[in-house]
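Q: Before anything else, here's the structure in question.
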Amino acid sequence: NAGVMQNPRHLVRRRGQEARLRCSPMKGHSHVYWYRQLPEEGLKFMVYLQKENIIDESGMPKERFSAEFPKEGPSILRIQQVVRGDSAAYFCASSPRQGVGETQYFGPGTRLLVL
Amino acid sequence: QKEVEQDPGPLSVPEGAIVSLNCTYSNSAFQYFMWYRQYSRKGPELLMYTYSSGNKEDGRFTAQVDKSSKYISLFIRDSQPSDSATYLCAMSETTNLIFGKGTKLSVKP
């Protein structure tokens, strides 16, 4: 059973460009979470999605960031007009069910570098 | 005060030592407590999961939760060089996990 897959693993963008990060959850999982890990910081929750629904986006920056999880295909985290402060590791996690305390399985992350 | 406090280390121990890692937290509503292990340039891997207070043991790993003190611990017995990694505590009240900054552990042969 393949784990959570993320691509690309490394992404370099210049300031002002767009970054698209993809996450394919584990087979049978329909709940996806995105976290950001800034240098020297812990992982911070960004957004929680189910298929075609955003459940909780309380951790998403108000501007430039958006996320989707379409009926078909991977979840996408999109960052428009990237700035140097967006440089971080972005991790996706998935779980099979909704609920407090459900185990979240993490992918290998996408490391974004903004020049 | 941060919601979850964790000493970042680094912590260096000889092979075979008992390692004690811990986190404190401020939100008394947290009910679920986890420890993740993260190797360099990899994603976090779930090690231990505990609901509410108490102890849980799995092989060389023991997790303890003391809700009255808002304090959780992870003990590693007979530590091995392969245990060298960053250990992240995490806890939740809702579906979102709140992480500590992680403690970097190095086990020397």
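Q: Applying the selection to the stretch B:1-42, what residues are within 13 Å of residue B:86 (Cα to Cα), open to solvent by less than 30 Å² (accessible area, probe 1.4 Å), among the aromatic types (Phe, Trp, Tyr) and within 11 Å of chain A (Cβ to nearest Cβ)?
A: Within the stretch B:1-42, B:36 is the sole residue that qualifies.
Q: To continue, here is another question. Given the criteria under 16 Å from residue A:22 (Cα atoms), open to solvent by less than 30 Å² (accessible area, probe 1.4 Å), of a type in the set (Phe, Trp, Tyr) and within 13 Å of another protein chain (Cβ to nearest Cβ), does residue A:65 qualify?
A: No: the conditions fail for residue A:65.
Q: Is at least one residue of the stretch B:69-85 open to solvent by less than 70 Å² (accessible area, probe 1.4 Å), within 14 Å of chain A (Cβ to nearest Cβ), outside any strand (DSSP E or B) and closer than 22 Å to residue A:3 by Cα?
A: No: the stretch B:69-85 contains no residue that is open to solvent by less than 70 Å² (accessible area, probe 1.4 Å), within 14 Å of chain A (Cβ to nearest Cβ), outside any strand (DSSP E or B) and closer than 22 Å to residue A:3 by Cα.
Q: What residue, among those in the stretch A:10-43 that are within 9 Å of chain B (Cβ to nearest Cβ) and in a loop (DSSP other than H, G, I, E, B), is least open to solvent (accessible area, probe 1.4 Å)?
A: Checked the stretch A:10-43; the qualifying residue least open to solvent (accessible area, probe 1.4 Å) is A:42.
Q: Using the structure shown, decide if residue A:46 is open to solvent by less than 40 Å² (accessible area, probe 1.4 Å), closer than 25 Å to residue B:38 by Cα, within 14 Å of another protein chain (Cβ to nearest Cβ) and part of a loop (DSSP other than H, G, I, E, B).
A: No: the conditions fail for residue A:46.
The values are calculated or read from the model by the stated rules, or taken from the named source; none is laboratory data. Here the structure is a predicted model, which is why all the values come from computation and not from measurement. With ideal geometry, Cβ positions are generated from the backbone for all residues, glycine too; neighbour counts draw on all protein chains shown. The area values use the complete protein model at the heavy-atom level, side chains included, leaving out ligands, DNA and RNA. Shrake-Rupley method; radii C 1.70, N 1.55, O 1.52, S 1.80 Å.
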